[in-house]
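Reviewing the structure listed below.
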Amino acid sequence: MPAAARTPAIRPVDPARVRAALAAEWQALADFTDALESARLKDPSGLTGWTLADLVGHIAAGVEAVPRWLGQPEPTGPPITVEQWAGGTAAAAEAISDLAQEMAEAGKTPRDYVEDATRLVAETPDTRVSVTRIGPMRVPDMLVTRLIEAVVHADDLERATGAAFPHDRQALAVVTRVLADILAVRAPGYSVEVRVPPFAVVQCVTGPKHTRGTPPNVVESDPRTWLRLAAGRVTWEDTVDDGSVRASGERADLSGWLPLLG
């Protein structure tokens, strides 16, 4: 009897590694936003309808949400996955935008919440299920979503200000790999190899399976470009045209699967 087909899934990430990376990335966000000149907060963020102050408010809200969620009773019902979260955030876009603007008007920044959130994250067991905006999640999975948010919006700050953001290396590594795994879940197969050195390699897209030698269909980018593609900050066509994505082979077109978040 032939072996059952493998169901693609996001590979597990060590929860301790996620906690450490999240604490470091949150601290970097607090330091970076503390250093912003107040006059710049009225500048556009690069995100539709948001100023830089709104972006800072949204980042603050993302940190503040963690102790608020963990402070609520454990929810019932089956937990959602990281991949389901990644596809479900657009439904809450209006509420997210309203909260970001409320935070901005109140002058809230990540610094206001990082200490309490980091302490509570360290104290919460992996076996717990947490409330989130779009459904129950296992705490390790919820923390992965917070890390994705932190890294994506840190990159938004970099693009908006022109100043390089000092990502925690492990944070960037975990998020790069998880986003690549989300692609492999949504576009299962073995015909295209996606490489994001030095952090991730996945095979995806239905078609002939490659087994030996150089794969016939290869997509390669750096981590920041991959992050921006996954979040919808840049387009497939533009990144291929400018050379930040190198795609070879007749199946090496991921435009139908991007962005991954939303």
Conditions (1) under 25 Å from residue 176 (Cα atoms); (2) touching a residue at least 60 places away in the same chain (Cβ under 8 Å); (3) β-branched (Val, Ile, Thr); (4) open to solvent by 60 Å² or more (accessible area, probe 1.4 Å): number failed by residue 18: (4)
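Can you find a residue in the range 192-205 that is touching a Phe, Trp or Tyr at 6+ places or on another chain (Cβ under 7 Å) and aliphatic (A, V, I, L, M)? Reasoning before the result, please.
Initially, the range 192-205 is screened for residues touching a Phe, Trp or Tyr at 6+ places or on another chain (Cβ under 7 Å), giving 196, 203.
The next check asks that each one be aliphatic (A, V, I, L, M); those that pass are 196.
So far as the range 192-205 goes, yes, one or more of its residues are touching a Phe, Trp or Tyr at 6+ places or on another chain (Cβ under 7 Å) and aliphatic (A, V, I, L, M).
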Contacts under 7 angstrom Cβ, first residue in the range 38-52 being closer than 13 Å to residue 107 by Cβ and part of a loop (DSSP other than H, G, I, E, B), partner of a type in the set (Asp, Glu) and at pLDDT below 95, 6 or more apart: none
Whichever residue in the range 188-203 is within 15 Å of residue 10 (Cβ to Cβ) and touching a residue at least 40 places away in the same chain (Cβ under 8 Å) and, among such residues, is surrounded by the fewest Cβ atoms within 10 Å (Cβ to Cβ): 188
Evaluation of residue 185 against (1) over 18 Å from residue 99 (Cβ atoms); (2) open to solvent by less than 30 Å² (accessible area, probe 1.4 Å); (3) in contact with an Asp or Glu (Cβ under 9 Å, 6 or more places away or on another chain); (4) aliphatic (A, V, I, L, M) (one fails), failing number: (2)
Number of the exception - residue 119 against (1) of a type in the set (D, E, K, R); (2) surrounded by 13 or more Cβ atoms within 10 Å (Cβ to Cβ); (3) out of contact with any strand residue (DSSP E or B) (no Cβ under 9 Å at 6 or more places or on another chain): (2)
Residue pairs meeting the criteria (Cβ under 8 Å; at least 6 apart or on separate chains; first under 20 Å from residue 124 (Cβ atoms) and in contact (Cβ under 8 Å) with a residue 24 or more places away in the chain, in the range 23-34; second buried (at least 18 other Cβ atoms within 10 Å of the Cβ) and among the small types (Gly, Ala, Ser)): 24/171; 25/150; 25/154; 25/171; 26/117; 26/150
Residue 92, sole failed condition from (1) more than 28 Å from residue 53 (Cβ to Cβ); (2) open to solvent by less than 30 Å² (accessible area, probe 1.4 Å); (3) of a type in the set (A, V, I, L, M): (1)
Failed condition for residue 113, given (1) of a type in the set (Phe, Trp, Tyr); (2) in contact with a strand residue (DSSP E or B) (Cβ under 8 Å, 6 or more places away or on another chain); (3) buried (at least 21 other Cβ atoms within 10 Å of the Cβ): (2)
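The values are calculated or read from the model by the stated rules, or taken from the named source; none is laboratory data. Bear in mind the structure is a predicted one, so any value in this text is a computation, not a measurement. Every residue, glycine among them, receives a Cβ derived from its backbone with ideal geometry; neighbour counts consider all protein chains shown. To get the accessible areas, we keep the full protein, side chains included, count just its heavy atoms, and leave off ligands, DNA and RNA. Shrake-Rupley method; radii C 1.70, N 1.55, O 1.52, S 1.80 Å.
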